[in-house]
Amino acid sequence: MTDALLEYTADHVFDEGSDLIELYNALIKDTATRINPLKYSLITVNVARQFTDLEEAIKFLDAAKGRLVGKHDAIFICQIAQAEKRLQLGQHHDSFEILNEVKKNLETLSDNDPKVYAHLSRAFATYYRRKDDYENFYKSSLQFLAFTPASELS
């Protein structure tokens, strides 16, 4: 069921509207302790894209982090998504600080999921592209490709 929800929420049909937010609040929100935490965070990130107000999306992701206590990889995914939202708001410095904090925390832990590294590398690539730092943009883009399975690239 978790994989089906993840695939369902990733569908681009839901790029607009509030259907996913309603589904999340009615069904998914309270399942954080019963499903794979990493998949829960990925579903949450997919749902967050429906918020038209980016500040609300950041608060939504922060609330989800609170339900994932002790699940480091899942929390990192939510933090990275918050950094991406801050980048969209033009808060480059705040975004960069969050990304560096996640990177530092990842370096202290072992057995991190490659999806976390892929999301982090994609977020850094986006940051560097906006800052016109092409050398780091390409490095981050290559890291993203290294951590992303070919079947997930479209």
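Hey, of [x] 20, 17, 16; [y] 24, 18, 16; [z] 29, 21, 18, which did the structure itself give for semi-axes √(5λ) of the Cα gyration tensor in Å when calculated?
Given [x] 20, 17, 16; [y] 24, 18, 16; [z] 29, 21, 18, the calculated one carries the label [y].
Take the cross-link list Lys71/Lys103; Lys85/Lys139; Lys29/Lys59; Lys59/Lys131 and give me the ones stretching past 18 Å between alpha-carbons.
Lys85/Lys139; Lys59/Lys131
Given a Förster radius of 35 Å and the C-beta distance between Asn105 and Arg130 as r, what FRET efficiency does 1/(1 + (r/R0)^6) yield to the nearest 0.05?
Working: r = 23 Å, r/R0 = 0.66.
It comes out at approximately 0.90.
Rounded to the nearest 500 deg cm²/dmol, what is the calculated helix-only ellipticity per residue at 222 nm for the chain, with -39500 (n - 2.57) per DSSP H run of length n ≥ 4?
-21500 deg cm²/dmol
Return the loop-located trypsin sites (Lys or Arg not before Pro) in segment 1-55 (DSSP other than H, G, I, E, B) with at most 12 other Cβ atoms within 10 Å of their own Cβ; answer none if there are none.
When the trypsin sites (Lys or Arg not before Pro) of segment 1-55 are filtered for loop state and at most 12 Cβ neighbours within 10 Å, Arg34 remain.
Read the figures in this text as sums done on the coordinates, not as results from a lab. Quick caveat: nothing in here was measured; it's all calculated off a predicted structure. Cβ coordinates were reconstructed from backbone atoms using ideal geometry, including for glycine residues, and neighbour counts include every protein chain displayed.
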